[in-house]
Amino acid sequence: MKISSVDCMIIDAGNPCQGRNTWNPIIVRVNTDEGIYGFGEVGMAYGKGYRAGFGMIQDFAEVIIGEDPMKIEKIWDKIYRKTFWGLGGGTVVSAGMSAIDIALWDIKGKALNTPIYQLLGGKTNDKLRVYASQVQFGWGNEEVVPGKKLMITPEDYATVTRAAMADGYTAVKVDPLALSNREPDGRGPWKTTGILSEEAVELAYDRVAAMREAGGRDLDIIIELHSYTDTLSAVQLGQRLEKLRIFYLEEPCSPLNPGNMLEVHRQVNIPIASGERIYQRTGFRPFLEDRSLQVVQPDVCLCGGISEAKKICDMANAYDCAAQIHVCGSPISKAAALHIEAAIPNFVIHEHHKWALHPDGRATCKYDYQPVDGYYEVPELPGLGQELTEETIQKAQIATIK
């Protein structure tokens, strides 16, 4: 079997960001001369950079034409070592490598007629606990607070917590600083670095306290800070939230300086998690060696693909560090994450993003996997068990490399 062509696609998935951001999933389809194909994803659907991701997979596609797709490790190493920039890593390079790697695993699973998790060693987890992610933007496709799409008051946060729990979730994730209370749309002036204002700290605390009261002892609360805070402000807020029994504190500061993350860990009595903007094994290594992270969160569509994500999670396990896959993309990324999490013994919880509920995004793929009573089942179809619909492909912007 040989790789005959690669289709690089920008797909139309609507705009679940409600005008706050762009949403442009970048999908790759690797085709073979035996008619078997595989899908992968560049993890840059959100933020700014999808055009770079689209170009990166086109450049890397040129490197893999004619290769045997079953030799996944060989192809990964070829892109890493023979493209010059592969050795530099970083967001765009690692995202491009990720998309191709995932597609190759999809091909291999289909060729062997088995789900990817079986190729990774089989299940250590039959069901995957799930948390409702980013509830500051509401939950579900209906307004949980009439007239509001964003959660502003502590009462709003209590209401959205109850809405998620009514759907069966026993864990939620929230950024209590993301939205200020100074403008109706939450966009008023709001400083999140340095020494936080008492107004900001108190409002964040009151929001999380309202969630704790609404959820009671049965709810786990994850605090997301998106690295919008720095070391000083993360410590200030984290110490204030300690008594609310926080499950973990995610991205309290930029991962570009591991020493800063270690300082937060030493001063805040909450487990620390990060990984969305950490790439490949070499990126995670210092955080494991200094034990500044207690939960690693590699994004399978950013960190180097299924091959690399599995190695990162296994490396974390050697340091008694829990793992979850960061998921904020199309249903292709979700399927890839589920296969890895099914196979790793240090799995802790799966992310179900608010945007994953958007009907336009769900309609881009053939299968609509959703959690039931707060747990996911793992796809049992060969390969990823997920692929784009023909209608989605016809509507996509496509560049084909042969």
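Just wondering, is there one or more residues in the stretch 82-105 that are within 22 Å of Arg277 (Cβ to Cβ), among the aromatic types (Phe, Trp, Tyr) and either in contact (Cβ under 8 Å) with a residue 24 or more places away in the chain or open to solvent by less than 40 Å² (accessible area, probe 1.4 Å) (or both)? The answer is no; no qualifying residue exists. Looking for something open to solvent by 10 Å² or more (accessible area, probe 1.4 Å), outside any loop (DSSP other than H, G, I, E, B) and among the small types (Gly, Ala, Ser) - is there at least one such residue anywhere in the stretch 285-305? Scanning the stretch 285-305 turns up no residue that is open to solvent by 10 Å² or more (accessible area, probe 1.4 Å), outside any loop (DSSP other than H, G, I, E, B) and among the small types (Gly, Ala, Ser). Counting only helices (runs of 4 or more DSSP H) that sit completely within the stretch 70-187, those holding 3 or more residues that are among the polar types (S, T, N, Q) correspond to 91-111. Restricting the first member to the stretch 137-154 and to residues that are among the β-branched types (Val, Ile, Thr), and the second to residues that are modelled with pLDDT of 90 or more and not in a loop (DSSP other than H, G, I, E, B), the beta-carbon pairs closer than 7 Å and six or more apart or on different chains are Val144/Thr159; Val144/Val160; Val144/Ala163; Val145/Asp156; Val145/Thr159.
Tallying residues that are outside any helix (DSSP H, G or I), at pLDDT below 95 and more than 14 Å from the chain's Cα centre (by Cα) within the stretch 347-361 yields 1. Among the residues of the stretch 203-221, some residue qualifies, meaning at least one is acidic (Asp, Glu), assigned to a helix (DSSP H, G or I) and under 25 Å from the mean Cα position of the chain (by Cα). The conditions of being of a type outside the set (Asp, Glu), in contact with a Gly (Cβ under 6 Å, 6 or more places away or on another chain), modelled with pLDDT under 95 and open to solvent by less than 60 Å² (accessible area, probe 1.4 Å) are met by Ala45.
Collect the residues in the stretch 110-169 that are of a type in the set (D, E, K, R) and either touching a helix residue (DSSP H, G or I) at 6+ places or on another chain (Cβ under 6 Å) or over 20 Å from Arg212 (Cβ atoms) (or both), keeping them in residue-number order. The answer is Lys110, Lys123, Asp126, Lys127, Glu142, Glu143, Lys148, Lys149, Arg162.
Suppose we keep only residues that are buried (at least 24 other Cβ atoms within 10 Å of the Cβ) and small (Gly, Ala, Ser) within the stretch 321-342. Which one would you say is farthest from Gly43 (Cα to Cα)? So, considering only residues that are buried (at least 24 other Cβ atoms within 10 Å of the Cβ) and small (Gly, Ala, Ser), the one farthest from Gly43 (Cα to Cα) is Ala342. Among the candidates Ala166, Ala178, the residue that is surrounded by fewer than 20 Cβ atoms within 10 Å (Cβ to Cβ), in contact (Cβ under 8 Å) with a residue 24 or more places away in the chain and out of contact with any Leu (no Cβ under 7 Å at 6 or more places or on another chain) is uniquely Ala178. Candidates are the residues of the stretch 306-320 that are among the hydrophobic types (A, V, I, L, M, F, W, C) and touching a Lys or Arg at 6+ places or on another chain (Cβ under 7 Å); the one that is most open to solvent (accessible area, probe 1.4 Å) is Met315.
Identify all residues within the stretch 239-271 that are among the acidic types (Asp, Glu) and open to solvent by 40 Å² or more (accessible area, probe 1.4 Å); write none if there are none. Within the stretch 239-271, Glu242, Glu263 qualify.
The values are calculated or read from the model by the stated rules, or taken from the named source; none is laboratory data. None of these values were measured; they are calculated from a predicted model. Glycine gets a Cβ as well: all are built from the backbone with ideal geometry, and neighbour counts include every protein chain shown. Accessible surface is based on the protein model in full, side chains and every heavy atom, while ligands, DNA and RNA are left aside. Shrake-Rupley method; radii C 1.70, N 1.55, O 1.52, S 1.80 Å.
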